[in-house]
Amino acid sequence: MLVNRPPMGWNTWNTFGNNITDQLIRESTDAFVELGLKDAGYQYVVIDDCWSKKVRNPETDRLEAEPEKFPHGMKAVADYIHDKGLKFGMYSCVGQRTCADYPGSFDHEFLDAETFASWGVDYLKYDFCYKPNGIDGPLLYRRMGLALRSCGRDILFSACNWGSDDVWSWIRSTGAHMYRSTGDIFDNPESYRNIALSQLGKLGTSAPQCYNDIDMLTVGMYGKGLVGTTGCSEADYNSQFALWCMFSAPLMLGCDIRRMDEKTLKLVTNKDLIRIDQDLEARPPVGVFHPWNKKLLTLFKHLDDGTYALGFFNMGEEDAETFATFSDFGLPASAKYDVHVRGVLNGDERTCREYMRVSVPAHDCRVYFAELQKQ
Ligand code: GLA
């Protein structure tokens, strides 16, 4: 078994797009270790689209790294990453071309899997652009799933078909370990909220060995980089990261980690939030909207040690008071249990009976660990 917790790492796309080089990867790998991301559980350094030559090698038909970007080849990049105790991820696509118009793996699945294995690749993100008409999308994921299983190396299969063809209903059967369920994220509040809300009722099949991937995080980008747009506030990044954790989604950072600010680092290495994300059972949360303010969402999630996580999200433009009624999560007053809560991003700790009130600033969130206590 390859993956029993949601994968954690960093991916080049959100910030760098086409501007990727050997040097960037080495510097980011160094930062990854120096900043303590590795100690916090992050593992994968992933090069997204735009790494290869524009055409395959005419003699061998194999993909080759673009020498101007990667003058020492991909094996050297893999060795560097492995020497730092990290894992190496790469990118290809089901179609004849990738989304950014480089050669895709269509009809070359087994050859490409062998090439990736020979370079020491540990993770493959597999995109959905340029799929030939008339060919079944799920079949193309099955092909790469088999190719990766038979290439002689353990390679995490990160499917990325943006939720097409009801991906949740068949993706586990391809051998994939995570599956993108939405279109691309952009660095603004609407984007991360819409992505999270779109999957709220669709997390039932996200489970150990194959997790619902709601895209790379924009946390810490502050509007810079390829998907930069307006950027988000600190409050938004708290909410984005906490939502991903409450969903037990893969945590793939997308900012320039070499220039990550203190607050971002503190957030993305928060032990409690990561513990919620990495919960072994990866159960979907119960979601309840405030009765009259639909911008206020409460999530309640079972954890593997018999405790719970409780998240209050304010997606509105004004600070708000919100509440959770415990009977919504299965705890009626007649049970005669209280709920002891301990704040994750703040020091709030108390025992609540039947319901809990919380103030949440605009765009922000409040997250708690919760335990039931007999009255
Ligand atoms: C698609 C994917 C993105 C990224 C780009 C690369 O849009 O959804 O995550 O990989 O392709 O071109």
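Take the convex hull of the alpha carbons in region 50-193; its mean projected area over all directions comes to 9.9 nm².
For the chain, taking a cut-off of 4.7 Å between Cβ atoms, the unpaired cysteines are 50, 93, 151, 160, 210, 232, 245, 255, 352, 365. With viscosity set to 1.306 mPa s at 10 °C, what whole-number translational diffusion coefficient in µm²/s follows for region 202-290 from Stokes-Einstein and a Kirkwood radius over Cα pairs? This corresponds to a translational diffusion coefficient of 115 µm²/s. For helix 189-199, what angle does its Cα long axis make with the longest principal axis of the chain, in degrees from 0 to 90 and rounded to 10? For 189-199 against the chain, the angle is about 90 degrees. Of the accessible area of region 99-214, computed with a 1.4 Å probe over protein heavy atoms only, carbon and sulfur atoms account for 51 percent. Checking the Cα-Cα distances for 53/131; 53/75; 38/266; 263/301 against a 24 Å cut-off, the pairs over it are 263/301. Of the residues 197, 267, 280, which exhibits the maximal mean-square fluctuation in a Gaussian network model of the chain defined by a 10 Å Cα contact cut-off? Residue with maximal mean-square fluctuation among 197, 267, 280: 197. Shape annotation for region 266-319: C-alpha extents along the principal axes are 34, 26, 13 Å, from largest to smallest. Just checking the listed ones, 79, 112, 261: in the Gaussian network model of the chain with Cα springs under 10 Å, the one fluctuating most is 261.
In plain terms, if you count all Cα to Cα distances in region 234-375 and split them into 5 Å steps from zero, the share in each step is 2, 10, 20, 23, 21, 14, 7, 3, 1, 0, 0 percent.
Given +1 at the Cβ of Lys and Arg, -1 at the Cβ of Asp and Glu and no other charges, the dipole of region 333-375 around its Cα centre is 140 debye to the nearest 20. Helix 109-119 and the longest principal axis of the Cα set of the chain meet at an angle near 90°. With the radius of gyration and the Kirkwood radius both derived from the Cα set of region 120-254, what is their ratio Rg to Rh? My calculation puts Rg/Rh at 0.99.
Rolling a 1.4 Å probe across all protein chains gives residue 272 an accessible area of roughly 40 Å².
Mean-square fluctuations from a GNM of the chain, with a 10 angstrom spring cutoff on Cα atoms, peak among 315, 246, 260 at 260.
Enter the accessible area per residue of the chain (Å², integer; probe 1.4 Å; all protein chains in place).
41
The portion of the accessible surface of region 278-375 made up by carbon and sulfur, rounded to a whole percent, is 49 (1.4 Å probe; DNA, RNA and ligands excluded).
Using 0.36 nm times the number of residues separating residue 27 and residue 355, minus their current alpha carbon distance, what extension gain do you get?
This chain segment gains 113.2 nm when fully extended.
In a reduced charge model with +1 at each Lys and Arg Cβ and -1 at each Asp and Glu Cβ, region 139-206 shows a dipole moment near 340 debye about its Cα centre.
The local environment of residue 137, defined by Cβ-Cβ distances under 9 Å, has a net charge of -1 under the rule Lys, Arg +1 and Asp, Glu -1. As a ratio to 2.2 N^0.38 Å, the alpha-carbon radius of gyration for the chain is 1.01.
The values are calculated or read from the model by the stated rules, or taken from the named source; none is laboratory data. Keep in mind that this is a model prediction, so the values were computed, not measured. Cβ atoms come from the backbone with ideal geometry, glycine included; neighbour counts cover every protein chain shown. Just the protein is used for accessible areas: all its heavy atoms, side chains included, with ligands, DNA and RNA removed. Shrake-Rupley method; radii C 1.70, N 1.55, O 1.52, S 1.80 Å.
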